[in-house]
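Colleague: The following block contains the structure, expressed as structure tokens.
Values in this text are rule-based calculations from the coordinates and carry no lab data. For clarity, every value in this text was computed on a predicted model and none was experimentally measured. A quick note on method: Cβ atoms are made from the backbone with ideal geometry, for glycine too, and the neighbour counts reach across all protein chains shown.
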Amino acid sequence: MEHAPTTLAGFIEQKVFENPEEVISTFKDEINVFNIGELNKKATLLAKGLSYNNVAKDTPVALMLAGTTNCLTVVLALAKIGALLIPLNKKMKDEQIITILRDEKIHTLGFYADDFLARLNKIIPNFEENERGYLRSDSYTNLRNLVTFGSIKKRGIFTTRELMLLGMHSDDTELELITEVISPEDTFIKYIYWDTKNKKIIREIKHGEIVTPDFTIAAFQNLLLSFRD
């Protein structure tokens, strides 16, 4: 008897194997309808594009969450690589985001550019002077990639579409090897927030804590929205 998947990447792969045409529920106000096969294909291409830009297992990635399927695709891509997802939300002060970027040694920052771009100019001044994938900042010595899953294109920022194009020309073997070594005991989400007394609190969630016997994509979408809000 086959064992149930214990990681998010394994769960998606099993769902694709069982029924790639299964429609997933989209987020509020989204018009397009996606099936699990399409979502998995995009996430795989994006994972390979991120891997090409040195996002690997346990690489800390900060992501400004949004209620969009594009954002969900980014999260699933990170799950396939085994990267460490550190959610950000709009309610965070600039100083708090700066603290996370520095203290957590963030390598890649993802965001919905339409909402976040004005703040980004304050948090990372002169980022447009850098080539994509080669960000250099005295304030954030580990930060290399800026990625948007929005519609705005800017110098120094990858779009998810551009990363997926890179993924089309990357070998599947490396990603398969990475996915195989992801353990249910590996931390996937590190949620950092500040309480009403401005005390910093950290909550870590392992792959195995996400993929429970009653796990669904809809439940995972709700989890992401809880971090966003």
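Colleague: With (1) within 18 Å of the chain's Cα centre (by Cα); (2) free of Cβ contacts under 8 Å to residues at least 12 places away in the same chain as the list, and GLU162 as the residue in question, which single condition is left unmet?
Modeller: (2)
Colleague: Would a scan of the stretch 166-181 turn up a residue that is assigned to a strand (DSSP E or B) and not hydrophobic (A, V, I, L, M, F, W, C)?
Modeller: No, every residue in the stretch 166-181 fails to be assigned to a strand (DSSP E or B) and not hydrophobic (A, V, I, L, M, F, W, C).
Colleague: While we're looking at this one, here's another question. Please state which one of ILE205, ILE182 is surrounded by 15 or more Cβ atoms within 10 Å (Cβ to Cβ), touching a Gly at 6+ places or on another chain (Cβ under 6 Å) and either free of Cβ contacts under 8 Å to residues at least 24 places away in the same chain or farther than 30 Å from ASP94 by Cβ (or both).
Modeller: ILE182
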